[in-house]
Amino acid sequence: MITQDQLKEIQERTEALYKYLDIPRKQMEYEEEQLRTQAPDFWEDAKRAEEQMKLVKGLEKWIKGYGEVRTLTDELSTAFDFYKEDLVTEQEVDELYAKATEAIEALELRNMLQQEEDPMDAVLKINSGAGGTEAQDWAQMLMRMYMRWAEQNGYKLTIANLQDGDEAGIKTVTMQIEGEYAYGYLKSESGVHRLVRVSPYNAQGKRMTSFASVFVTPLVDDTIEVYVDPARVSWDTFRSSGAGGQNVNKVETGVRLRYMYKDPDTGEEEEILIENTESRKQLENRENAMRLLKSQLYDRAMQKRREAQAKIEAGKKKIEWGSQIRSYVFDDRRVKDHRTGFQTSDVGAVMDGKIDGFIKAYLMEFGGEES
């Protein structure tokens, strides 16, 4: 049975959210923006109308989210009083407490995602580090982890490009994860992930250390204007490999986009290379490769605007000791994030996509910072 202090804490957090979120202002904004959608010529400009509807739905979600928290908190308070009169059971009170806590934490967490790009879809790329088959197997394990996470959270996941390993695992994969706040949640995953285990690929049964890097960028949509200099773009085509039927290997449907990016501040040039084999149609692969390029350019522009060049460079550290953000030590049954100190002994659950604890710890500690 919860205590009076626990009830008071829930009530205080609910009131704090009311102030943090400025619910009265959001309610006024919602009513004003909703009125604009009723204009006779509203749908004449489809792109502008879509942006407006997105704004309205965003405000509505905050208001409804807080409304749910308020309702659960009020129900908990009532149930706590009713328990004293034997009108509800201890179990019913505890269940309401758990629901209220979960709703409050979800809203608190989303309140950490205030950057312009946080609500966007995400592009997540995994590269295996040095170490051959063991590192490539580790990269595939991470790919499965994120696929399971996306599935559990109701996100749509598409593999844009995949290169198999030499014997097992993968060398690299690029995945598009689409859904509300996909980038905001997954941005915490950028960095080097370190695995320590007794390798099944080592005949002596030695403990091995492997690395894989994860890079996450926001996925731009048609409502965001990103300039791509056509003079800096070049294309190659190639035959896709892997599963997909005989047609895949006979026709050059895979595309390779090369873009010479020029840093607007330093003037330094760097080649951005994107491969896409998602579709059997070359035109569709070209379109998606261009979308992935725009996502990278957008991400760089956002980083520049926030003067976070040091953080970008930190994300490009060599894949080796000392640069990892998280360690997965299978034998010791421990997964630890080195940035927040958050850790768990349930290694199996983590590898099955249960990474919300790590995401929450990161956002609670760094969510208010420019990222």
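Rule-based calculations on the coordinates, nothing more; no lab input. Nothing here was measured: the structure is a model prediction, and the numbers come from that model. Note that each Cβ is placed from the backbone with ideal geometry, even for glycine, and that neighbours are counted across all protein chains shown.
Packing, taken as the mean count of other beta carbons within 10 Å per residue, orders the peptides 285-294, 180-189, 60-69, 231-240 from highest to lowest as 180-189, 285-294, 60-69, 231-240. In this model, which of Lys54/Lys171; Lys64/Lys187; Lys61/Lys84; Lys84/Lys360; Lys262/Lys336; Lys206/Lys360 are farther than 28 Å apart at the alpha-carbon? In this structure, Lys54/Lys171; Lys61/Lys84; Lys84/Lys360; Lys262/Lys336; Lys206/Lys360 exceed 28 Å between Cα atoms. For the pair Glu68 and Thr158, label points projected 7 Å from Cα toward Cβ lie 2.7 nm apart.
Around the Cα centre of the chain, unit charges on the Cβ atoms of Lys, Arg, Asp and Glu (plus for the first two, minus for the last two) sum to a dipole of about 1700 debye. Using a Gaussian network model of the chain in which every pair of alpha carbons under 10 angstrom is joined by a spring, one finds that among Val93, Val214, Val329 the greatest mean-square fluctuation is at Val93.
For segment 4-111, the direction-averaged projected area of the alpha-carbon convex hull comes to 8.1 nm². Available extension along the chain between His338 and Ile224 is 37.6 nm, counting 0.36 nm per residue and deducting the alpha carbon span. Each of Glu365 and Glu270 was given a label point 7 Å from its Cα along the Cα-to-Cβ line. The distance between the two points is 2.5 nm.
Placing pseudo-labels 7 Å out from each Cα toward the beta carbon at Phe42 and Met28 gives an inter-label distance of 2.2 nm.
With a ≥ b ≥ c the root eigenvalues of the C-alpha gyration tensor of the chain, is it rounded (a/c under 1.5), prolate (a/b larger than b/c) or oblate? It is oblate, given that a/c is not under 1.5 and a/b is not larger than b/c. Computed from point charges on the beta carbon alone (+1 for Lys and Arg, -1 for Asp and Glu), the dipole magnitude for segment 4-111 about its Cα centre is near 560 Debye. Think of the chain as having a plus end and a minus end, set by charges on the Cβ of Lys, Arg, Asp and Glu; of Gln38, Val335, Leu7, Val335 sits farthest toward the positive end of this dipole. Enumerate the residues in segment 277-293 having an amide nitrogen under 17 Å from the point lying 7 Å beyond the Cα of Ser234 toward its Cβ. Within reach of a label on Ser234, which here means backbone N under 17 Å from a point 7 Å along Cα→Cβ, segment 277-293 contributes nothing.
Segment 1-28 and segment 133-165 have Cα centres lying 38 Å from one another.
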